[in-house]
Structures are given as structure tokens and as C-alpha cells.
């Protein structure tokens, strides 16, 4: 496996003025990796996944460019046929022949950081975090690990390499210097066993170009990532954070979400100010083949002019979650997309996507 030729930057991003923008800034594109039936993510249900994915794609291509990675020309033709069958225009789509074993671009894809040049224009770079399939839980992740380098080569962007394991779904940003994450994921010994909490926090701040880290505890039941933040708590504005809350005291998620809620209410941002904490419900329990799935409305994704929110066929809770989010996002349309099939892969809209901010 030959690594593509790209420029590796020796300095840390924060030293050069780079930072990770929040997801709601204008995008030039969204990246996804098209799933394939030989992958492990959708056993016995793959045939239903393309239809679900095309519902998401339909909303993205109306608003911004969509970059799709596929292994080769043959797979590009297969995906193009999906566009034709679903009557989705592909004018705003670009294909890149970049191999990956799984579809979770949020975790193995590139993290784009930006800085402002002296002339006022923006400059981009990519952070190439190490990827080990959520603590080496699944085989064959070496090709996924190299995806950011291949995208950097395609876009002719320089790269920072922190040399620690990090997944995009494990962190969230408020745009002013604060990172939101969990101890259960980033401090898990299956990621970076030789680093302390302080060392990991310092690496986060240095490479994402941030000032402050808010640590929550664990994640929701059924999440095989050891507790990604994007399944239950997300910034929707610099001072506003949404958190999923379970109201049934007998539910397995009740205690951990209450603990995280208490921590968020006590948390402060990079300037020492409290956050506005917005509660959204959890969907009803969704199971497949006896396994509880990590369904959550917090796995939403910002696109230009809209927020794409996973729903699960629970009319009352789906509607309530969408209403709450829309009431706090007057500048964009909140759109629900049923992800009852996608969640069998243990992820939803945010897990599948990676934003490319405009520069």
C-alpha cells in the first residue's frame, strides 16, 4: 500500500493559525464513502441501505457539492445508476476513486482546518488522525486509515499528522475555541494507551486549534465506538448545545444521559461562560436481531441552509425533536430523514458525512 505524495507540515496547526471551524459554517462540499455489500456494517440489510442513503444525498446535492469516494470506475457506474433510479440530479456530484472498507467517513475521513492569510483569503489543510476501527474492534482498517492522505493528494492540500488515534464523531466544536468530547471514548486504552488525559487534551487543542475541552462521561447503549459525542450532545451555536435526554428511569440510557446533562449544565465555555443547554428526547428503543441500536436525533448534520436530522418512524418523538431543533435554528430548514435502516450499521447521517468548509 503506497502512500500518496503530499506535503506533511511539521508544525502544529495552532502554531500556524489553523483551527477547526464549526460544522455550520458555509461548506464547499460534503464527503461520503459509498458503502458496499462486502463490508461489515450492514449484515443482511445492505439492499435497503442505498435507498436510505439516497434520501440523504437528495437533500445535500440541492445545497452543495457532494464528493463520493468509490473504489473504481465500476463502482462509480453502480452509484450513478442509483442516482438515475432515484431521480436525483448528479450535476453537483464529484466522484473520487479512493478505496475504503467501510462507509463511516466521519471517523476515517479528513478533518479540514482553516486559517486566514495576510491578504484576507482562507487557506486549508487536512489533519490526518490515526484510525484503528474504534479500538481495533473490526479487521481491515488500514485502507480506511489512509483515506485522508488520498483526499489531501486529490485536493493538493498539506497535511498535519498528530500520530494519535482520533475519530471525527468523538469531538464537536462551538467555533470559538471549545471542544466537546467524552472520557469513555478518548481515554479508552484501546485508542492511545500511552497518553494521559492531559496529553490527549493538549493534542486536541494543538491540532484542532482550540483553547478549551469539555469532557462528558459515556455514550449511549448500542454505540460500538465507546461513546461518540455525536450520538447524544452537539453544539448548534457558539453558546448553545443540544443534549439527548431519556425520561424513562428504567431505560438503560437514563443514568448516563442524566450524568452528562448535569456535567453540561455545570460546564463553561472557553471564556468561562455557561452554555445554553437544550434537551431533546431520545427515540423509542430500536432493536435488530436482538441488538439495541444507538438511535439518536443528535446524529444530525449541518448542510448549507439546512440541518438533516435522523428520524426513526416514532411520529411523536420524531416530531418533537424536529420542532425543538427548528425553534433554535431560524436561519435554516430542519429536515427529518428516516434512518431506520441505516442505524443497523450503528450510525446515521452525521456518521456517514464529513464537511469540507469553504475557503
- Can you give the extra length, in nm with one decimal, that the chain gains between residue 270 and residue 326 once fully stretched, where that is 0.36 nm per residue apart less the Cα-Cα distance? 17.5 nm
- Take the alpha carbon gyration tensor of the stretch 244-355, find the square roots of its eigenvalues, order them as a ≥ b ≥ c, and report rounded if a/c is under 1.5; if not, report prolate when a/b exceeds b/c, else oblate. oblate
- Task: Label the stretch 127-214 by shape, choosing from rounded, prolate and oblate, from the square roots a ≥ b ≥ c of the eigenvalues of the Cα gyration tensor; if a/c is under 1.5 it is rounded, and otherwise prolate applies when a/b is larger than b/c, oblate when it is not.
- Result: oblate
- Item | Which of 167, 38 has the fewest Cβ neighbours within 10 Å, and the rest in rising order | 38, 167
- Can you put 296, 196, 28 in order, fewest other beta carbons within 10 Å first? 196, 28, 296
- Mind jotting down the distance between the C-alpha centroids of the stretch 264-300 and the stretch 51-99, whole Å? 30 Å
- Going highest first, how would you order 60-66, 31-37 by mean Cβ packing within 10 Å? 31-37, 60-66
- Length gained when the stretch residue 51-residue 97 is fully extended (0.36 nm per residue, less Cα-Cα span): 14.4 nm
- Can you give the alpha-carbon Rg of the chain over 2.2 N^0.38 Å, where N counts its residues? 0.93
- Query: By its C-alpha gyration tensor, with a ≥ b ≥ c as the square roots of the eigenvalues, how is the stretch 291-358 shaped: rounded for a/c under 1.5, else prolate for a/b larger than b/c, else oblate?
  - Reply: oblate
- Item | Relative contact order [Cα under 8 Å, 6+ residues apart], the stretch 187-289, whole percent | 23 percent
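Applying a 10 Å radius around every beta-carbon, put 326-336, 227-237, 147-157 in order of their mean neighbour count, most first.
227-237, 147-157, 326-336
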- So what is the relative contact order for the chain, in percent, with contacts set as C-alpha pairs under 8 Å and at least six apart? 21 percent
- Task: For the chain, give the share of DSSP beta bridges that are antiparallel, in percent and rounded to the nearest 5; count only bridges with both residues there.
- Result: 40 percent
- Which of 249, 211, 137 moves most in a GNM of the chain, Cα contacts under 10 Å? 249
- Which order do the peptides 345-351, 315-321, 239-245 take when ranked by the mean count of other beta-carbon atoms within 10 Å per residue, highest first? 345-351, 239-245, 315-321
- Task: Using the number of other C-beta atoms within 10 angstrom as an exposure proxy, rank 16, 180 with the fewest first.
- Result: 16, 180
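Every number in this text was worked out from the coordinates using simple rules, so none of it is lab data. These numbers come from a predicted model, not from an experiment. FYI the Cβ positions are ideal-geometry reconstructions off the backbone, even for glycines, and counts take in every protein chain you see.
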